[in-house]
Amino acid sequence: MALIPLPVFNGPPTDDAGLSAETMIPDLLRRRPEARAVLDRYGLRGCGGPDGPYETLGFFARAHGVDQGRLLRELAEALGRGEVVMGASRDETTLLADTIYRRFFLGGIVIALTAGATWGAWLLWRIGLSGTFLVNPLQTVNAHGMAQISGWMGLFIMGFACQAFPRIWHASLAAPRLAAAVFAMMVGGIVAQAVGMLAPSVPLAMLGAGLQLVAVAAFSAQIATTYRRSEARFEPYIAFIMAALGWFLASTVMSGWHTWTTMTAEGEAAQVWYVATYQFPLRDLQVHGLALFMILGVSIRFIPALFGAPKVDDRRAWGAFGILVAAVLAEVGIFLAYRWTGDHAIARLLPVSWAMLAIGSAMVVVPWRPWRPFPETDRVAKFVRTAYGWLAISLAMLLLLPAYAAASGIPFSHAYYGAIRHAVTVGFVSQMIMGFAAKVVPTLNGVDPRRLTRLWGPYLLINAGCALRVTSQTLTDWAAPAYAVIGLSGTMEVVALAWWGAGLASLMLRGVGAAEEGIGPAPERIAGDHHPADVLDWFPETAPVFDRFGLDGLRRPILRRTVGRRATLAQAARMRGIALEELTGALNEARR
């Protein structure tokens, strides 16, 4: 897509005629920083740094769920009054809420490139070189799976939820400091459980599982409380999100219990029985429960807003929600009933639950027509569209499982079932994480995404690696030489994640560093074109002067880093009705 010239903001707008849906937020905030007060009410807050995100007011209104006309009227009224925002309540706790996503995203990238995808690629090379899926010990495989689900997927879900959900609900994140504790417990729990499974040390593994459970429970309560405190209407997408939190809790409990039973099983036969009985339902809760519901919920809310796709009708979305809840419960319940009774007639009912998964998913996704370009496309739309293609492939393969068993003569093919899981976890879930993260991180850090790379390299590698893995793993049932390329597929996926992750991490770390940059040497005299925050950095002893003139809001960190860096002393004096000469005179007199 060719670069689009940024609209120029010509002069300070004071009425509806001076603002439009095409007005760029950075242009507006550079000229009239007091406009931030209105945008903050609808979820801007620290998004994009001092200048705000590189997006238009129309896009902001759509993404944040506010009527565009109402937003423009409120902005025009505020600017016409010369409304001053220095007294807005923004403290360190609020600043934490605005940036908490960074540690979750960075943590997810680190885990994916260590115990997650990279470790998985090593295990694949072992499989390929040995020519058997049985070469890796059970707890090694399960520790890798736990790290990938809890660390890669879980941390990104947590970070995105803490950052995005309060904004679209026009609310503040409940107990922001709790999110920092959740992150610490989650990462500590993942490390402890993985090490405990490998050592092996049952107490250490259970400590890790317990920490993760506490973290997931606290996170779920935090998001639910944030919603209850908002005035947001209960819509279908919120039902999907809340159900996903329920699946998150249930799967975390089951993951810890499954680790306990497989580590303490008396003998290999008992261990095999536990794995055969409970590992598949656990993955169903994690993938078709947590991941599918969260992604569909987020997509229902954001795909129309971000890409101009049609909105899913509420009745249709509620119907899909009911079908999908029943599908997951049926999928888990039927399989457990089959294993507990040994009755193969019960197992024949599983395709019914799989058909329900396909129908429910299609009801949500088909209105967007992801097989065609979205009406408004950008560098990440291809990830989102292709992810839904992989979801369709995984569900089609699932429905064809009985036919595959008949054709191959294998009652249950672990290779084919593993290929299905890979299609949904990497093709669908991981690619959706890559797409949405690459969409929001530049926005949150004030970077124009149109100036960034198109991400074709990571996109092509992740899809080629996933296709190679799904194909080659399935072919191992038919031809032993197919084992030879399995390791290569994992390596391709790791390179894709590392390539994508390096770019994402650099944007987030640049955002952290930008707040800590120096401002140059102090001037000999304070003048009207200096910024209040710079004056305070040069001469901290001038703080009481700002207080005396009613600019005490500068003591709040977020205001000092945003409005205080953009508004000049002359603008602040004008907004407050202060004589500039009096203000600069008092500041110069107070400085040492």
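The values are calculated or read from the model by the stated rules, or taken from the named source; none is laboratory data. No experiment lies behind these values; they were computed from the predicted model shown. All Cβ positions, even for glycine, are placed from backbone atoms using ideal geometry, and neighbour counts span all protein chains on display. For the accessible areas, the whole protein counts, side chains as well, though only heavy atoms, and no ligand, DNA or RNA atoms are used. Shrake-Rupley method; radii C 1.70, N 1.55, O 1.52, S 1.80 Å.
Towards the positive end of the charge dipole of the chain, with charges on Cβ (+1 Lys, Arg; -1 Asp, Glu), say which of Ala174, Ile109, Ile359 has the farthest Cα.
Towards the positive end, the residue furthest out is Ile359.
For the chain, build the charge dipole from Cβ charges (+1 Lys, Arg; -1 Asp, Glu) around the Cα centre, then report which of Gly196, Ile100, Tyr459 sits farthest towards its positive end.
Tyr459
If each residue of separation counts as 0.36 nm, what is the full-extension length gain between Thr114 and Arg30 once their alpha-carbon separation is subtracted?
That pair, Thr114 and Arg30, stretches by 26.1 nm at full extension.
Let me spell out the model: positive unit charges on the Cβ of Lys and Arg, negative unit charges on the Cβ of Asp and Glu, origin at the Cα centre of the chain. What dipole size does that give, in debye rounded to 20? Before the final figure, lay out the partial values.
Details: 50 positive and 41 negative charges, 98 e Å.
The dipole magnitude comes to about 480 debye.
When N is the residue count of region 370-444, what does its C-alpha Rg come to as a fraction of 2.2 N^0.38 Å?
Region 370-444 yields a ratio of 1.39.
Given Leu211, Ala586, Val494, which one lies farthest toward the positive end of the charge dipole of the chain, if we put +1 on the Cβ of every Lys and Arg and -1 on the Cβ of every Asp and Glu?
It is Val494.
Quick one: helix 350-365 against the long Cα principal axis of the chain, what's the angle to the nearest 10°, folded into 0 to 90?
That helix lies at roughly 20 degrees to the long axis.
Would you mind calculating the gained length between Trp340 and Arg555 on full extension (0.36 nm times residue separation, minus the Cα-Cα distance), in nm to one decimal?
71.0 nm
What Kirkwood hydrodynamic radius, in Å, does the chain give when the mean of 1/r is taken over all pairs of distinct Cα atoms and then inverted?
On the way: mean 1/r = 0.0386 Å⁻¹.
Averaging 1/r across every pair of different Cα atoms and inverting gives 25.9 Å.
Report the relative contact order of region 16-62, percent, no decimals, based on alpha-carbon pairs under 8 angstrom and at least 6 residues apart.
53 percent
Which percent of Cα-Cα pairs in region 292-333 sits in each 10 Å bin, short to long?
Here the calculated profile for region 292-333 is 27, 48, 20, 5.
Place a point 7 Å from the Cα of Arg450 along the Cα-to-Cβ direction; which residues of region 291-319 have their backbone N under 17 Å from it?
Taking a point 7 Å out along Cα→Cβ of Arg450, the residues of region 291-319 whose backbone N falls under 17 Å are 306-308.
For region 398-519, what are Rg and Dmax over the alpha carbons, in angstrom?
19.3, 72
For region 94-157, restrict the atom set to alpha-carbon positions and state the Rg and Dmax in Å.
15.0, 54
Got a number for carbon plus sulfur as a percent of the chain's accessible area, 1.4 Å probe?
Ligands and nucleic acids excluded, carbon and sulfur give 63 percent.
Compute the Kirkwood hydrodynamic radius of region 223-379, taking the inverse of the mean of 1/r over all pairs of distinct Cα atoms, and give it in Å to one decimal.
17.4 Å
With the crude spin-label approximation of a point 7 Å out along Cα→Cβ, what separation in nm comes out for Phe280 versus Leu399?
1.9 nm
How big is Rg to Rh over region 289-359, alpha-carbon atoms, Rh as the Kirkwood inverse-mean-distance radius?
Rg divided by Rh gives 1.13.
Based on Cβ point charges of +1 for Lys and Arg and -1 for Asp and Glu, what charge dipole magnitude is obtained for region 215-328 about its Cα centre, in debye rounded to the nearest 20?
Details: 8 positive and 7 negative charges, 103 e Å.
The dipole of region 215-328 has a size of about 500 debye.
How many Å³ per residue does the convex hull of the Cα positions in region 350-403 occupy?
Spelled out: Cα convex hull of region 350-403, divided by residues, is 66 Å³.
What FRET efficiency, computed as 1/(1 + (r/R0)^6) with R0 = 45 Å and r the Cβ-Cβ distance, is obtained for Arg126 and Glu541, rounded to the nearest 0.05? All intermediate terms of the calculation are to be shown ahead of the outcome.
On the way: r = 65 Å, r/R0 = 1.45.
Rounded to the nearest 0.05, the efficiency is 0.10.
What full-extension length gain, to one decimal in nm, is calculated for Ala355 and Glu581 as 0.36 nm per residue of separation minus the Cα-Cα distance?
Residue separation times 0.36 nm, minus the Cα-Cα distance, leaves 73.9 nm.
Would you please put 37-46, 403-412 in order of how densely packed they are, using the mean number of other Cβ atoms within 10 angstrom per residue and starting with the highest?
37-46, 403-412
What is the packing order of peptides 55-63, 475-483, taking the mean over residues of other C-beta atoms within 10 Å and listing the highest first?
Going by the mean number of other Cβ atoms within 10 Å, highest first, we get 55-63, 475-483.
Would you please give the residues with an amide H less than 5 Å from that of Arg45, counting only those at least 5 places away or on a separate chain, with H modeled from the backbone geometry?
Those lying under 5 Å, H to H, from Arg45 are Asp40.
Relative to the longest principal axis of the chain, what angle (0 to 90°, nearest 10) does the C-alpha long axis of helix 68-81 take?
30 degrees
To the nearest 20 debye, what is the magnitude of the charge dipole of region 374-500 about its Cα centre, counting +1 on the Cβ of each Lys and Arg and -1 on the Cβ of each Asp and Glu?
Numbers: 9 positive and 5 negative charges, 62 e Å.
Computed about the Cα centre, the dipole is about 300 debye.
Can you tell me the FRET efficiency between His170 and Arg348 if r is taken as the Cβ-Cβ distance and R0 is 35 Å, rounded to the nearest 0.05? It would help to have the intermediate numbers written out before the result.
Values: r = 49 Å, r/R0 = 1.40.
It comes out at approximately 0.10.
When the helix-only estimate is applied to the chain (DSSP H runs of n ≥ 4, each -39,500 (n - 2.57), divided by the residue count), what is the mean residue ellipticity at 222 nm, nearest 500 deg cm²/dmol?
On the way: 29 runs with 392 residues, N = 592.
My calculation for the chain gives -21000 deg cm²/dmol from helical runs alone.
Using mean Cβ contacts within 10 Å as the protection proxy, how do 199-205, 48-54, 253-259 order, highest first?
Output ranking for 199-205, 48-54, 253-259: 48-54, 253-259, 199-205.
Between 0 and 90 degrees, rounded to the nearest ten: what's the tilt of helix 292-307 against the longest Cα principal axis of the chain?
Taking the Cα atoms of the chain, the angle to 292-307 is about 40 degrees.
Give me the distance in nm between label points sitting 7 Å out from Cα along the Cα-to-Cβ direction at Ala590 and Ser201, one decimal.
Taking the two extended label points, one gets 5.5 nm.
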